[in-house]
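Structure record follows, encoded as structure tokens.
The values are calculated or read from the model by the stated rules, or taken from the named source; none is laboratory data. Keep in mind that this is a model prediction, so the values were computed, not measured. Please note: Cβ atoms are built from the backbone with ideal geometry, for glycine as well, and neighbour counts cover all protein chains shown. Accessible surface areas use protein heavy atoms only, side chains included; no ligands, DNA or RNA. Shrake-Rupley method; radii C 1.70, N 1.55, O 1.52, S 1.80 Å.
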Amino acid sequence: MKHLFPTEIPDPVAMRNFGIELGRHLKSGDVLALVGDLGAGKTHITQGIAEYFGYLHEVTSPTFALVNEYITEVEKSDLIHFDLYRLEKSEDLLEIGWEDYLERDAILIVEWADRFPELMPNGTKCVFIEHLEQGRKLSYDLV
Ligand SMILES: Nc1ncnc2c1ncn2[C@@H]1O[C@H](COP(=O)(O)OP(=O)(O)OP(=O)(O)O)[C@@H](O)[C@H]1O
Ligand SMILES: [Mg+2]
């Protein structure tokens, strides 16, 4: 699936629904980069993905924890959710075990992945989010 044409998403509920739809295109071993400013809606997309994978608990930005793991019940791919906003340098990401996470049988969802593009593997799927006056504009490349 490749879709670089922009899509407009009018509100937070639709953002979450986009995440549910996106979940259908993800499988274990995938890395998904969510790229957009503060408050763009990255976590809302992640909530939709978690819902698609049958994770029934709350999903929030792991801003302080840096990483949250969601053990899902239905679709059998665990999700690992990163928020790299507070990391200063790529060494910090390596220090929390990034390379080990890449080896995990899970889907990695990475808010602020654009801070450390050099550490994102080939084949990373990306969703770019821009603020509109109302709603958000998304462009994505899921090949
Ligand atoms: N498509 C949308 N249209 C309008 N508002 C939205 C949309 N998506 C999300 N929001 C709103 O934007 C705010 C931020 O959402 P969210 O926490 O998902 O963003 P984020 O990109 O994860 O932020 P952060 O960079 O702080 O982690 C929330 O108040 C949410 O309701
Ligand atoms: Mg967030």
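Straight-distance candidates among the aspartates and glutamates for linking to LYS76, with alpha-carbon spacing under 15 Å and chain neighbours fewer than 8 residues away dropped: ASP30, GLU51, ASP105. Take the Cα of GLU95, step 7 Å toward its Cβ, do the same at LEU132, and the gap between the two points is 4.1 nm. Per residue, the chain reaches -7000 deg cm²/dmol at 222 nm when only DSSP H runs of four or more residues are counted, each adding -39500 (n - 2.57).
Note on the chain: GNM, Cα springs under 10 Å; of LEU38, LEU22, LEU79, the largest mean-square fluctuation is that of LEU38. For the chain, the dipole from Cβ point charges (+1 on Lys and Arg, -1 on Asp and Glu) about the Cα centre works out to 440 debye, to the nearest 20.
Think of the stretch 1-100 as having a plus end and a minus end, set by charges on the Cβ of Lys, Arg, Asp and Glu; of SER90, LEU22, ASN68, LEU22 sits farthest toward the positive end of this dipole.
Taking a straight Cα-Cα cut-off under 19 Å and skipping sequence neighbours fewer than 8 places away in the same chain, the lysines within cross-link reach of LYS125 are LYS2, LYS27, LYS42, LYS137. Just the protein heavy atoms count here, and of the accessible area of the chain at 1.4 Å, carbon and sulfur take up 50 percent.
Between PHE116, PHE82, PHE18, the GNM of the chain built on Cα springs shorter than 10 angstrom shows PHE116 fluctuating the most.
Ranking LEU56, GLY36, VAL13 by how far each Cα lies toward the positive end of the dipole of the chain (charges on Cβ) leaves VAL13 at the top. Accessible surface for the stretch 2-141, divided over its residues, is 54 Å² per residue with a 1.4 Å probe. Pull up the cross-link candidates among the aspartates and glutamates for LYS89, meaning alpha carbon to alpha carbon under 19 Å and not fewer than 8 places away within one chain. Filter leaves ASP37, GLU99, ASP100, GLU111, ASP114, GLU118.
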